[in-house]
Amino acid sequence: MRACTHLDRVHITELPESVEGCEDRLAIGSKWLHLWICLECGHIGCCDDSPNRHATAHAASAGHPIIRSLQLGKDWSWCFVDRLVILIRRCRVVLESRRRSWHGSGA
């Protein structure tokens, strides 16, 4: 099984207690489906099912390879370069009640 070769780029090891939404969509007053967080810099972007795919666009433009889902009940991460789903145990998950504000806020 292949391993992600970019784990040294993970600098976000604690998830935020809450987020406003996709940073790019908030700027233009638009809605999103699900949110992803860049584990290198903490940028919050919308998923690939949202128009403009801001999290993927951020990864490509900034060269930041790994995102993590902020969707309620999801703990997966994705490396765009290695094209792998990964579980990063060192990201501390905050209380479930706080995570609820991350899901559905923009839909």
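Return the residues of the stretch 1-40 that are under 16 Å from Trp78 (Cβ atoms), of a type in the set (A, V, I, L, M, F, W, C) and in contact with a helix residue (DSSP H, G or I) (Cβ under 7 Å, 6 or more places away or on another chain); say none if nothing qualifies.
Within the stretch 1-40, Leu35, Trp36, Cys38 qualify.
Can Trp36 be described as crowded, with 23+ Cβ neighbours inside 10 Å, under 11 Å from the mean Cα position of the chain (by Cα) and of a type in the set (Phe, Trp, Tyr)?
yes
If you scan the stretch 27-52, which residues turn out to be free of Cβ contacts under 8 Å to residues at least 12 places away in the same chain and either under 24 Å from Leu84 (Cβ atoms) or not in a helix (DSSP H, G or I) (or both)?
Gly29, Asp48
Can you tell me which residue in the stretch 53-65 is surrounded by the fewest Cβ atoms within 10 Å (Cβ to Cβ), limited to those that are without any contact (Cβ under 8 Å) to a residue 12 or more places away in the chain and over 24 Å from Ala3 (Cβ atoms)?
Of everything passing the filter in the stretch 53-65, Ser61 is surrounded by the fewest Cβ atoms within 10 Å (Cβ to Cβ).
If you check Asp24 against the conditions, is it acidic (Asp, Glu), assigned to a helix (DSSP H, G or I) and under 18 Å from Ile88 (Cα atoms)?
So Asp24 does not fit the description; no.
Go through Ala55, Ala60 for me and flag whichever is modelled with pLDDT of 95 or more, outside any loop (DSSP other than H, G, I, E, B) and more than 18 Å from Leu15 (Cβ to Cβ).
Answer to the check: Ala60.
The values are calculated or read from the model by the stated rules, or taken from the named source; none is laboratory data. Given the structure is predicted, the values throughout are model-derived calculations rather than measurements. Heads up, the Cβs are rebuilt from the backbone with ideal geometry, glycines too, and the neighbour counts pull from every protein chain shown.
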